[in-house]
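Reading through the structure tokens given below for one structure.
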Amino acid sequence: MTTEAARKVIHERAPGVTARVGLILGSGLGSLADLVDGIAIDYSDLPGFPQAGVSGHTPRLVLGTLEGAPVAVLGGREHYYEHGRADAMRVPLEVLSALGIETLIATNACGSFRADIPPGNLMLLSDHINYSGLSPLIGEPTDRRFVNLTEAYDLELRAALKREAQTLDIPLLEGLIAWWPGPMFETPAEIRAQKLLGADALGMSTVPEVILGRFLGLRCAAISVVTNMAAGLGNEVISHEHTKASAPVGAEKLAQVLRAYLSKAG
């Protein structure tokens with residue numbers, strides 16, 4: 001089994017390692033992994049892990065402690081648009097679950113629909129719209145595939161993250177994200193349609209990972225770093241290069257919030 005093969009490699013590299021909190025880092029947000037006191041294993045050494053091919057991601061698993069909390073950090077993800085696999089992150093998340101994580105916090109870069117959450121700010125996900133219509137659980141043979149997503153984004157985790165942000169005087173408004181499969185950016189008409197459905201932002205990741213996290217019984221939360229206003233709502237020339245260049249502004253705030261949260265979770 002691929003998951004077991006990956007666990008064997010981890011056991012050889014980091015015998016006895018465990019983790020309580022799992023982090024998934026989005027485009028341009030990989031610097032947080034450098035703060036972990038521990039060991040890094042390239043995805044290429046781990047069977048079943050994606051060979052993340054998107055610039056701005058660092059495809060390695062980092063195991064260790066951050067602010068005293070035992071963490072497992074996925075420095076990159078495979079997106080659906082790379083190979084057409086909604087379940088691309090299933091093995092990495094199964095491995096994190098086997099290492100003992102109970103909490104999964106995903107991060108991403110997104111385009112905002114809201115003037116009160118402009119570029120450089122953070123948005124705490126309260127819910128999502130699976131605009132793509134895709135599922136990472138297609139093909140799962142057991143009845144576990146019927147995952148309850150009523151509270152996909154854990155209320156207690158959200159409250160804890162908001163408390164830390166407030167203490168740090170970092171704005172962290174809640175919002176609803178729509179999952180866009182990419183890789184092309186959306187049209188202004190598509191943004192208007194998503195606004196009508198109630199979305200506050202749009203991104204190309206995170207939703208399938210949260211579905212998988214809930215499938216695995218994990219408590220999930222997610223924070224988006226706003227890198228641009230969505231198509232038709234701002235003056236930026238939207239591109240992946242723009243996303244990578246803009247992400248570090250919000251990434252500094254994100255790192256502060258996550259480190260503050262982990263200092264209490266350890």
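Structure data summary
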| read-out | value |
| --- | --- |
| Filtered residue count, the stretch 1-38, keeping only those that are closer than 19 Å to residue 94 by Cα and either in a strand (DSSP E or B) or not small (Gly, Ala, Ser) (or both) | 20 |
| Residue identified as buried (at least 18 other Cβ atoms within 10 Å of the Cβ) and of a type in the set (Val, Ile, Thr) among 117, 138 | 117 |
| Whichever residue in the stretch 218-257 is in a loop (DSSP other than H, G, I, E, B) and within 24 Å of residue 80 (Cα to Cα) and, among such residues, is modelled with the highest pLDDT | 218 |
| Selected residue [within 30 Å of residue 47 (Cβ to Cβ) and assigned to a loop (DSSP other than H, G, I, E, B)] from 147, 91 | 147 |
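Each row is one residue, and each column tells you yes or no for (1) surrounded by fewer than 24 Cβ atoms within 10 Å (Cβ to Cβ); (2) under 24 Å from residue 89 (Cα atoms); (3) among the acidic types (Asp, Glu); (4) at pLDDT below 95.
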site	(1), (2), (3), (4)
169	yes, no, yes, no
174	yes, no, yes, no
180	no, yes, no, yes
186	yes, yes, yes, yes
205	no, yes, no, yes
216	yes, yes, no, no
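The values are calculated or read from the model by the stated rules, or taken from the named source; none is laboratory data. Keep in mind that this is a model prediction, so the values were computed, not measured. FYI the Cβ positions are ideal-geometry reconstructions off the backbone, even for glycines, and counts take in every protein chain you see.
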